[in-house]
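What follows is a set of notes on a single structure, which appears directly below.
The values are calculated or read from the model by the stated rules, or taken from the named source; none is laboratory data. The model shown is predicted, which means the values in this text are computed figures rather than measured ones. Cβ coordinates were reconstructed from backbone atoms using ideal geometry, including for glycine residues, and neighbour counts include every protein chain displayed.
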Amino acid sequence: MAFNLLTVMGKVTSTSVEATCKLHNETAGNPGGVAAAKSLGDMSHMTFMPLGTGSSFSGELLFLDIWNNLDGMNRFFSDPHVQEGGNRMFSSRENIVWSKLDTFLNFNFPSPTGKNDRIVGLIRGRVRSLDEAEAIHNTSMEGMVGPSLLMLYSRSCAFIHPDLRQEQTKTEKWSYMTTRTQGSGMRN
């Protein structure tokens, strides 16, 4: 089964974390909409805001959705009510669908018990060649996977933009941070 990553990143129309949560639950988190999305192939919906949002609201929001059916995803997002909800939620946004790169080293470890914070890093850029990017990525990941990495990472997956074939993104989801607490990661 093929999985695709939908990233939606943008500026929200609301002016606080609380207002953003409320608006999300009225639109993307609406139980009827969630049920419709799941029936069409939405496997996962995660929301993230930048680190430090509690003390300084920037209005940035990131959705990471995993879909197993592109036709279902297109049908869902072509619905006028879904489009209206997106327009209520965001003043501006970028939506991209990425295909998973199965030849890149990917892993998914369970989070340690009691470590419930989730932090995601998103690395995106153009590569000269997928073969070269794969070799560099896999070598660096193989060298990093070990006991200390397992304390930090719970998931690493690589995706490619299906139309461009040369633009690549990588998502990393951390269970918790020990020494690296600064950065531009988005927090769930």
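Quick notes on this structure:
- Restricting attention to segment 58-78, the residues that are among the hydrophobic types (A, V, I, L, M, F, W, C), outside any helix (DSSP H, G or I) and surrounded by fewer than 18 Cβ atoms within 10 Å (Cβ to Cβ) add up to 1.
- Residue among Ser14, Ser55, Ser92 that is assigned to a loop (DSSP other than H, G, I, E, B) and either assigned by TED's automatic domain parsing to the domain that holds Ser129 or surrounded by fewer than 17 Cβ atoms within 10 Å (Cβ to Cβ) (or both): Ser55
- Residues satisfying the stated conditions in segment 75-99, i.e. farther than 18 Å from Thr47 by Cβ and over 18 Å from the mean Cα position of the chain (by Cα): Arg75, Ser78, Asp79, Pro80, His81, Gln83, Glu84
- Residue identified as modelled with pLDDT under 90, touching a strand residue (DSSP E or B) at 6+ places or on another chain (Cβ under 9 Å), small (Gly, Ala, Ser) and under 15 Å from Asn95 (Cα atoms) among Ala2, Ala28: Ala28
- Of all residues making up segment 9-25, the number that are of a type in the set (Asp, Glu) and touching a strand residue (DSSP E or B) at 6+ places or on another chain (Cβ under 9 Å): 0
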